[in-house]
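**Student:** After the structure tokens below, expect a handful of questions from me.
Just so you know, all these numbers are worked out from the coordinates, no wet-lab data involved. All values reported here derive from a predicted model rather than from experimental measurement. Methodologically, a virtual Cβ is constructed for each residue, glycine included, from the backbone with ideal geometry; neighbour enumeration extends over all protein chains shown.
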Amino acid sequence: LTLDTAIPYLEEKKDSSDDLSAMAKALKEAVDALVPLATVDFAALNNAITAAKAFEGKGDEYTPITWDAFAKALADAKAVAADAKSKQSAVNAATKALTDAQAALAKKPDLDTLAAEITKCESLSADTYITSTWEALADALSAAKAVKDNVNSTADDVTAAINALKAAYDALDKKGETTALQAKIDEVSATYARELYTANSYKVLN
């Protein structure tokens, strides 16, 4: 006997007490045997969404790549939370994605110090320094500019670029002053004629 058969039975107003008792017993047993659908726990997801709301409207403070990932994770989490048919696996995945994206948010760095170091190095002239040390500075300067222009650069990226640029700047080695040496060479060349000295001594001079 089932609920579908019990209702018509009552409507026919059958008065067999045995039948009624049997039917009531069968219905009770069927109720007791009902298996509820698995309960989906949204608590962790709802808590994650609540925590994430504190960041809404602050996108300008974070690097675009980390903010975009966070905004998507938050939108996805809200959609899962609003869907009564969401499965626990989807709820768990949305919760993790949102908390991970929030943890990964990176603040936009302060670029003032890096910009100052770049300006200082740009004021230098390659003619003043030994080629190898100048090339090292040029490489560090190019990398620093790339970090400065990259909207997704983090504070760690900026710090590393500043340190590399300062190290290359400190390692610069100036070319020696050649004016006095050249003057002496010119003087010797003009004053001491080969024919006036022995071959061996002039060879040493050369």
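**Student:** Excluding A160 itself, what net charge comes from residues whose Cβ is under 15 Å from its Cβ, given Lys and Arg +1 and Asp and Glu -1? Present the calculation step by step, with values, prior to reporting the outcome.
**Tutor:** Values: positive: K145, K148, K166; negative: D110, E117, D139, D156, D157.
Every neighbour counted, the sum reads -2.
**Student:** Can you tell me the 0 to 90 degree angle between the C-alpha axis of helix 64-82 and the longest principal axis of the chain, rounded to 10?
**Tutor:** Relative to the chain, helix 64-82 is tipped by roughly 0 degrees.
**Student:** Next question, about the same structure. Once you've got the Cα coordinates, tell me which of K78/K145; K87/K107; K58/K145; K107/K166; K28/K85 are over 32 Å apart. Write down the numbers at each step before the final one.
**Tutor:** Values: K78/K145 39 Å; K87/K107 34 Å; K58/K145 26 Å; K107/K166 24 Å; K28/K85 29 Å.
Too far apart for the 32 Å limit: K78/K145; K87/K107.
**Student:** Filter the GluC sites (Glu not before Pro) in the stretch 127-197 to those in DSSP coil with at most 13 other Cβ atoms within 10 Å of their Cβ, and list the result. Don't skip to the end; give the middle numbers.
**Tutor:** On the way: sites: E135, E177, E187, E195; in loops: E177.
Passing sites in the stretch 127-197 are E177.
**Student:** How much mean residue ellipticity at 222 nm does the chain get from its helices, if each DSSP H run of length 4 or more adds -39500 (n - 2.57) and you divide by all residues, to the nearest 500 deg cm²/dmol? It would help to have the intermediate numbers written out before the result.
**Tutor:** Details: 10 runs with 136 residues, N = 206.
Mean residue ellipticity at 222 nm (helix-derived): -21000 deg cm²/dmol.
**Student:** Follow-up. Could you pull out every residue, at least 5 positions away or on a different chain, whose amide H is within less than 5 Å of the one on Y62? Hs are placed 1.01 Å off N in the peptide plane, and Pro or chain starts have none.
**Tutor:** For Y62, whose amide H was placed from the backbone, the distant partners under 5 Å are K108.
**Student:** Any chance you could run the full-extension gain for N150 through A93? It's 0.36 nm times the residue separation minus the Cα-Cα distance, nm to one decimal.
**Tutor:** Additional length available on full extension: 17.4 nm.
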